[in-house]
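Participant: Attaching a single structure in structure tokens format; questions to follow.
The values are calculated or read from the model by the stated rules, or taken from the named source; none is laboratory data. Because the structure is a prediction, the values reported are computed rather than measured. Here the Cβ positions follow ideal geometry from the backbone for every residue, glycine too, while neighbour counts run over all protein chains shown. Just so you know, the surface numbers come from the protein's heavy atoms only, side chains and all, with ligands and any DNA or RNA stripped out. Shrake-Rupley method; radii C 1.70, N 1.55, O 1.52, S 1.80 Å.
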Amino acid sequence: MGTLHALRGLNARLQALFMITLVFRTGTLAFPFYAAYLIHQHAIAPGTAGLLVGVYGAGALCTDLIIGGVIKRFSANRVILGSLLLNAALLLVIPSVDNTLALLLLSFLWGACYEAFTPATFSETVAHSSLETRKVAFSCNRLAINIGMAIGPLLGSLIFLRNADAVFYINALLSLLAFATCLRFARSLPVTPGAAVAGKDEGLPEQAPHERSRLLVILLAALPVHVAYALPPTFLSAYIINYTELPAYYVGIIFFINALLVIVFEVPINLRMAHLSSSRSLIVGFLLAGSGFFLMGFGQVGALLLLATVLWSLGEMIVFPGITHYVSSISSRDSVARNLGYYSAGVNIGVMVAPSLAFMLVSRPALPSPWLLAGCVLLLFAIAVGVMKRSALLWNEQA
């Protein structure tokens, strides 16, 4: 009920953005099966398929680094429209292409177009929310992402085995549906260049004091978070199956618990914590996340893994809306889109770094478990935030 109340309390633009995001993320059918599709449908070698998936990630990372200037020039709403339309076009083309060099280019462009949607929606969220309501607004945005990402890959798994090409075409259709929805609301809510980052209601200053130092601090603090939270989607299945004696169905149970908790409780938790400062919220989130990942290191005990999942899921609900809210609060009107793009880049860096680091650690028994290491680092960052918040140069305690 708290979640429904929060969604109803959003203004018209944020409600529209919720629906656009939900439809777009529900359409994420193709990418989870991209490597398998390349191997089985195009007879591409596994190593080359892995390279193509990596090129997709490189395209996404490049977008994050330049998206601030693009949004400033064209507006966040137009970037969203362009992302949805180009994403659909690429999904319609990829199944008919067999040339590896062409697939390299298409994979890069696909990653770039797909990723542009995220920082653009962050900018729209900033532009159409006040500083007091922004944390809950970001939570609602994450709710749409999580519901969509729970449905899309599941739908893709049911379709892929029957008709592999269909996952691309249905993905494209849902992108076009999201495009049509966005276009409809764009007509009723006209946006001029720059409006998405300088909306009248956002409460952002023309210049933010100590912006560079504070941004560097929060981006450095966010990076281990991104690496840690990349472990479940990239490493968990291999960890359970190959490095513990637990049955494989524990993978599904853990993902189900995480998705259920985030969908049901994230918005109500952030409503309850809306009065807390960013530093206090992040300290609580880091402590929960660090404790959860630390306990994941004791993978031989199933009950501990389930408890750990509850803890890092609670941490996820607090940390991610807290960081995006804080990044927007320390930014000026001209830099908020760029800074949120830098934050999004950290997500892709985490996905690129986490699996290689994790497999390197587990292959050497003398080194600590990746779960234990991630947990310890996050617990240390909880202490670090408590120390840094005392310095106005490093932290905006008023946010």
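Participant: Using helices alone, I'd like the mean residue ellipticity at 222 nm for the chain: each DSSP H run of four-plus residues gives -39500 (n - 2.57), total over residue count, nearest 500.
Facilitator: On the way: 14 runs with 308 residues, N = 399.
Helix-only estimate at 222 nm: -27000 deg cm²/dmol.
Participant: Compare the peptides 92-103, 253-264 by average per-residue count of other Cβ atoms within 10 angstrom and give them in order, highest first.
Facilitator: 253-264, 92-103
Participant: Here is a further query. In percent, what relative contact order does the chain have, based on Cα pairs under 8 Å that are 6 or more apart in sequence? Walk me through the numbers before you get to the answer.
Facilitator: Numbers: 630 pairs, mean separation 99.0, N = 399.
Once divided by the residue count of the chain, the mean separation gives 25 percent.
Participant: Oh, and also: For segment 126-178 and segment 1-71, what is the separation of their Cα centres, given in Å?
Facilitator: Taking the Cα centre of segment 1-71 as reference, the centre of segment 126-178 is 7 Å away.
Participant: Under 5 Å between amide H atoms, partner at least 5 residues away or on a different chain: which partners does residue 75 have, H built in plane at 1.01 Å?
Facilitator: Residues meeting the criterion, in which the H sits 1.01 Å from N, are 194.
Participant: Something else: Report, to the nearest whole %, how much of the accessible area of segment 235-277 belongs to carbon and sulfur atoms, 1.4 Å probe, protein only.
Facilitator: After summing per-atom areas, the C and S share lands at 67 percent.
Participant: While we're looking at this one, here's another question. Could you sort the peptides 319-332, 340-353 by per-residue average Cβ neighbour count (10 Å cutoff), highest mean leading? Present the calculation step by step, with values, prior to reporting the outcome.
Facilitator: Details: 319-332: 24.3, 340-353: 21.6.
Descending packing order for the listed peptides: 319-332, 340-353.
Participant: Same structure, new question: With a cut-off of at most 12 other beta carbons within 10 Å, and DSSP calling the residue loop, which trypsin sites (Lys or Arg not before Pro) in segment 112-167 qualify? Please list them. Before the final figure, lay out the partial values.
Facilitator: Numbers: sites: 134, 135, 142, 162; in loops: 162.
Hits after loop and neighbour filter: 162.
Participant: Once you mark the GluC sites (Glu not before Pro) that are in a DSSP loop and have at most 16 other Cβ atoms within 10 Å, what is the longest gap between them in the chain? Could you put the intermediate results ahead of the total?
Facilitator: Details: sites that count: 132, 206, 245, 397.
Answer from the scan: 246-396.
Participant: Output the peptides 304-313, 364-373, 234-243 sorted from most to least packed, where packing is the average of other Cβ atoms within 10 Å over each peptide's residues. All intermediate terms of the calculation are to be shown ahead of the outcome.
Facilitator: Details: 304-313: 20.2, 364-373: 15.5, 234-243: 17.1.
For the peptides 304-313, 364-373, 234-243, the packing ranking is 304-313, 234-243, 364-373.
Participant: Could you work out how far the C-alpha centroid of segment 335-390 sits from that of segment 241-271, in angstrom?
Facilitator: 20 Å
Participant: Could I ask something else about it? How large is the dipole of the chain about the Cα centre if only Lys and Arg carry +1 and Asp and Glu carry -1, each at its Cβ, rounded to the nearest 20 debye?
Facilitator: Around 660 debye, computed over the chain.
Participant: Mean Kyte-Doolittle hydropathy of 1.0 or higher plus an axial Cα length of 30 Å or more: which whole DSSP H helices in the chain meet both? Don't skip to the answer; put the middle values down first.
Facilitator: Working: long enough: 46-74 (40 Å, 1.14); 100-127 (41 Å, 1.12); 134-160 (38 Å, 1.06); 164-188 (38 Å, 1.19); 211-243 (45 Å, 1.04); 249-272 (34 Å, 1.72); 302-329 (40 Å, 1.33); 336-362 (39 Å, 1.19).
Those that clear 30 Å and a mean of 1.0 are 46-74, 100-127, 134-160, 164-188, 211-243, 249-272, 302-329, 336-362.
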